[in-house]
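Peer 1: The structure follows.
The values are calculated or read from the model by the stated rules, or taken from the named source; none is laboratory data. These figures come from a predicted structure and were not determined experimentally. Cβ coordinates were reconstructed from backbone atoms using ideal geometry, including for glycine residues, and neighbour counts include every protein chain displayed.
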Amino acid sequence: MLRFAPSPNGPLHRGHALSALANRRMADALGKPLALRMEDIDTQRCPPSLIEAARADLAWLGVRFECELQQQSTRFDRYRDALETLKAAGLVYPSYATRREIIAATAHGARRDPDGAPLFPGDDVAVAPADLCARRMSDAPAAWRLDMAKAAGLVGDLTFMEVDALGGEARAVRCEPLAWGDVVLARKDTPTSYHLSVVVDDADQAISHVVRGRDLYFATAVHRLLQTLLGLPALRYHHHALITGDDGRKLAKSNGAVGLAALRESEVDPAALRADLLEWLHRQDGEPHGDGEK
């Protein structure tokens with residue numbers, strides 16, 4: 001099975017349409033069903049109205065799904081169970097630092113992860129000692145972070161399999177999860193994070209192939225690590241090219257991407273849009289993913 005799993009925190013745009021079509025294309029090539037999942041763990045930013053809007057956009061685009069919609073917001077207990085497994089193994093720890101404190105502590109010369117964000121420096125660096133002690137003693141809200149060095153040392157070398165656009169020819173890619181530092185697995189206000197929920201969901205839905213954008217290529221190292229720690233199956237991955245805006249960044253609502261609903265209201269022909277996006281994907285299929293050995 002494959003899945004298309006957008007985060008419904010804004011209108012879907014052509015970038016989402018491209019990924020949905022890439023998933024549908026591989027599902028058809030492999031003769032596998034395609035599921036729709038809504039990654040709505042941030043319930044404040046992902047209201048039901050945006051979920052229904054996303055479903056309407058995908059129906060207009062003509063992308064079919066064979067399985068019932070799954071929403072991550074209904075599965076918090078499942079993610080808590082996975083986190084408890086990691087707690088019992090001594091692989092996660094509570095972190096009390098605020099985002100502002102982390103930014104201040106990493107303002108100068110900090111090492112950065114593959115996305116360009118500063119690596120977490122540790123509570124002892126980010127928080128004043130008296131404040132940190134008070135937060136620990138008062139049982140203040142805490143995020144839960146993966147002890148990356150301990151986890152990576154436990155599992156040893158890892159690879160993931162990157163396949164072509166139709167799920168065929170595969171190559172092994174070496175993972176370097178240490179490059180991400182101690183990632184958050186459960187936020188202060190939510191009992192999970194993207195990394196934990198996506199790994200658990202993929203296993204529970206018996207996903208075999210993951211098709212997603214190249215912006216998540218290096219994050220696969222974290223997901224392979226979590227799969228191994230939790231005893232979950234390894235998957236096959238395809239990371240497709242990204243449509244970028246005039247500023248060179250991937251399409252997003254923050255940089256003015258036109259939503260599919262707006263295209264529909266402008267009477268854009270969905271069949272023509274599908275054809276254009278699939279042709280664009282076809283032209284990109286032969287391009288390399290980068291060094292492949294991050």
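Peer 1: Filter the range 137-158 down to the residues that are surrounded by 14 or more Cβ atoms within 10 Å (Cβ to Cβ) and not aliphatic (A, V, I, L, M) and list them by number.
Peer 2: Once the filter is applied, which keeps residues that are surrounded by 14 or more Cβ atoms within 10 Å (Cβ to Cβ) and not aliphatic (A, V, I, L, M), the range 137-158 yields TRP144, ARG145, ASP147, LYS150.
Peer 1: Within the range 180-202, which residues are touching a Pro at 6+ places or on another chain (Cβ under 8 Å) and either surrounded by fewer than 18 Cβ atoms within 10 Å (Cβ to Cβ) or of a type in the set (D, E, K, R) (or both)?
Peer 2: Hits for the range 180-202 are LYS188, ASP189.
Peer 1: Which of (1) over 21 Å from LEU21 (Cα atoms); (2) free of Cβ contacts under 8 Å to residues at least 60 places away in the same chain is the odd one out, the single condition LEU216 does not satisfy?
Peer 2: Every listed condition holds for LEU216 apart from (1).
Peer 1: Residues being within 19 Å of ALA152 (Cα to Cα) and either touching a residue at least 24 places away in the same chain (Cβ under 8 Å) or in the same structural domain as ASP115 (by TED's automatic domain parsing) (or both): count how many of those fall in the range 164-192.
Peer 2: Matching residues across the range 164-192 total 14.
Peer 1: Next question, about the same structure. Scan the range 70-122 for residues that are assigned to a helix (DSSP H, G or I), surrounded by fewer than 17 Cβ atoms within 10 Å (Cβ to Cβ) and among the hydrophobic types (A, V, I, L, M, F, W, C) and jot them down.
Peer 2: PHE76, ALA88, ILE103, ALA104
Peer 1: Here's another thing I want to ask about it. Can you spot a residue in the range 55-64 that is under 28 Å from ALA151 (Cβ atoms) and not charged (D, E, K, R)?
Peer 2: No, that holds for no residue.
Peer 1: Looking at the range 81-129 only, could you name the residues that are closer than 22 Å to PRO191 by Cβ, among the acidic types (Asp, Glu) and under 22 Å from the mean Cα position of the chain (by Cα)?
Peer 2: ASP81, GLU84
Peer 1: While we're on this one: From ALA261, ALA241, ALA257, which residue is surrounded by 13 or more Cβ atoms within 10 Å (Cβ to Cβ), modelled with pLDDT under 80 and small (Gly, Ala, Ser)?
Peer 2: ALA257
Peer 1: Among the residues in the range 23-41, are any in a helix (DSSP H, G or I) and under 18 Å from the mean Cα position of the chain (by Cα)?
Peer 2: Yes, because at least one residue in the range 23-41 is in a helix (DSSP H, G or I) and under 18 Å from the mean Cα position of the chain (by Cα).
Peer 1: Consider the range 188-216. How many of its residues are on the phi < 0 side of the Ramachandran plot, not in a helix (DSSP H, G or I) and not basic (Lys, Arg)?
Peer 2: 12
Peer 1: So which residues in the range 47-69 are assigned to a loop (DSSP other than H, G, I, E, B) and surrounded by fewer than 16 Cβ atoms within 10 Å (Cβ to Cβ)?
Peer 2: The answer is PRO47, GLY62, ARG64, GLU66, CYS67, GLU68, LEU69.
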